[in-house]
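Heads up: the structure comes next, in structure tokens.
The values are calculated or read from the model by the stated rules, or taken from the named source; none is laboratory data. Computed from a predicted model, the values in this text were never measured in an experiment. Using ideal geometry, Cβ is built from the backbone for each residue, glycine included, and neighbour counts are taken over all protein chains shown. These accessible areas exclude ligands, DNA and RNA; they are computed on the full protein's heavy atoms, side chains included. Shrake-Rupley method; radii C 1.70, N 1.55, O 1.52, S 1.80 Å.
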Amino acid sequence: MIDLNIERSDTVSYIGGGTVGDLTGFASSVYKRGINLVAVPTTLLAQVDSSIGGKNAINFSGIKNVIGTFYNPKYIFNDTDFLLNSDKSLLNDGMAEIIKMAIINDENFYNYLRNNNMDTIFNQNDLENIIYKSNKIKLNIVSRDFFDKNKIRYLLNFGHTVGHAIESFTSNDVSHGTAIANGMLAENYIAYKMGLSENFYDEIITILENYRIPLLNFKNFDPDIIIKYILNDKKMESGKINLIVLDRIGKSHTEAVEVSEIKRYFSEFLEVKK
């Protein structure tokens, strides 16, 4: 950008998925203290999640999203043609985040997703509806806590405490959506065992299977290493982790819990789910 003599009044745009978007967004936010940014996300995950909300981050020293900024694009253009002209399997990561948003915030949207599957939603009308509803949920939450300071935005991280640790543990061999989906299962199990939530494990399994989201074999996961990564989670405060807990499908809250409890019940989860 320096070599091209990009000026502060110029605009940088990207066409691509979340990795491209995060890198471009981060560079745009720090170059000359911020230049115009236009986003053209090409994956479902980017259209419903990474391009929305202003978070731009990069991994460093093996830790997920540890360096980043808050910086919104001036415009975001979502086009379902990118999705309809790709393989359905590429929608898995996006559907995991969409399912998460329904689970934490919108029971009616969840029921709509629960009554459908990857094949029935693979058309322009349904995809546009799903993207719109997901964007609306995320923007409603983000608008009340843009800088992630008041724990409201934490709700969007259901499944991410364990999910990000899975990504780091596997050196990102497990995709983001798969990691988050399986993280939701683990976190609900932990909350259930701590008496903070009902057990929604079977319910979540069913909807994940509807959208062909892979279920991981946890037998090779080392709980000590997973906990090491969790200690770097941005939801750590005063030695406790703010866990996202389901009151019911469509309603959630945060609960500060000891890391030792996370480790205890995650270790138990690994044994039970081998």
Check: At 222 nm, what helix-only mean residue ellipticity would the chain give, in deg cm²/dmol to the nearest 500, using -39500 (n - 2.57) for each DSSP H run of four or more?
Finding: -13500 deg cm²/dmol
Margin query: Whole angstrom only: what separates the Cα centroid of segment 207-226 from the Cα centroid of segment 1-42?
Written below: 34
Next item on the list: Name the most mobile residue of Lys136, Lys74, Lys100, meaning the one with the largest mean-square fluctuation, in a Gaussian network model of the chain with Cα contacts below 10 Å.
Entry: Lys74
Item checked: Alpha-carbon spread of the chain, three principal axes, descending order, Å -> 56, 43, 34
Next item on the list: Note down the magnitude of the dipole of segment 136-224 about its Cα centre, charges +1 on Lys and Arg C-beta and -1 on Asp and Glu C-beta and zero elsewhere, to the nearest 20 debye.
Entry: 440
Notebook entry, point to check: Short version: ³J(HN,Hα) in whole Hz for each residue of segment 75-86, in order, from phi by Karplus 6.51 cos²θ - 1.76 cosθ + 1.60 (θ = phi - 60°), x for Gly and Pro, what are they?
Noted result: 9, 10, 10, 9, 10, 5, 4, 4, 7, 6, 9, 10
Note to self: Using amide H atoms built in the peptide plane, which far-off residues or other-chain residues are under 5 Å from Ser252 H to H?
What the structure shows: Asp247
Notebook entry, point to check: What's the local net charge at Ile190, with K and R +1, D and E -1, over the other residues with C-beta under 9 Å away?
Noted result: -1
Next item on the list: Run the dipole for segment 80-214 about the Cα centre, Lys and Arg Cβ at +1, Asp and Glu Cβ at -1, nothing else charged, and hand back the magnitude in debye, nearest 20.
Entry: 480
Margin query: Give me the 1.4 Å probe accessible area per residue for the chain, excluding ligands and nucleic acids, in Å².
Written below: 46
Check: Taking a ≥ b ≥ c as the square roots of the eigenvalues of the Cα gyration tensor of segment 140-261, is the shape rounded (a/c under 1.5), prolate (a/b larger than b/c) or oblate?
Finding: rounded
Note to self: Apply the Karplus curve 6.51 cos²θ - 1.76 cosθ + 1.60, θ = phi - 60°, to the phi angles in segment 165-171 and return the couplings in whole Hz, x for Gly and Pro.
What the structure shows: 5, 4, 4, 5, 4, 9, 6
Checklist line | Per-residue ³J(HN,Hα) for segment 3-19, Karplus 6.51 cos²θ - 1.76 cosθ + 1.60, θ = phi - 60°, Hz, x for Gly and Pro | finding: 4, 8, 6, 5, 9, 5, 7, 6, 10, 10, 10, 10, 10, x, x, x, 5
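So, with +1 on the Cβ of K and R and -1 on the Cβ of D and E, and no other charges, what is the size of the charge dipole of segment 30-117 about its Cα centre, to the nearest 20 debye? Display every interim value, and only then the final one.
Working: 8 positive and 8 negative charges, 95 e Å.
For segment 30-117, the charge dipole is close to 460 debye.
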Note to self: Let's test the formula: R0 of 35 Å, r as the Cβ-Cβ distance of Tyr31 and Asn129. What FRET efficiency results, to the nearest 0.05?
What the structure shows: 0.45
Checklist line | Gained length - Arg8 relative to Glu271, 0.36 nm times residue gap less alpha-carbon distance | finding: 89.2 nm
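Restricting the count to DSSP beta bridges whose residues both fall in the chain, what percent are antiparallel, rounded to a multiple of 5? The partial results should precede the final answer.
Details: 15 of 23 bridges.
Given both bridge residues lie in the chain, the antiparallel proportion sits at roughly 65 percent.
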Check: Which shape class applies to segment 196-274: rounded if a/c is under 1.5, otherwise prolate when a/b exceeds b/c and oblate if not, where a ≥ b ≥ c are the square roots of the Cα gyration tensor eigenvalues?
Finding: oblate
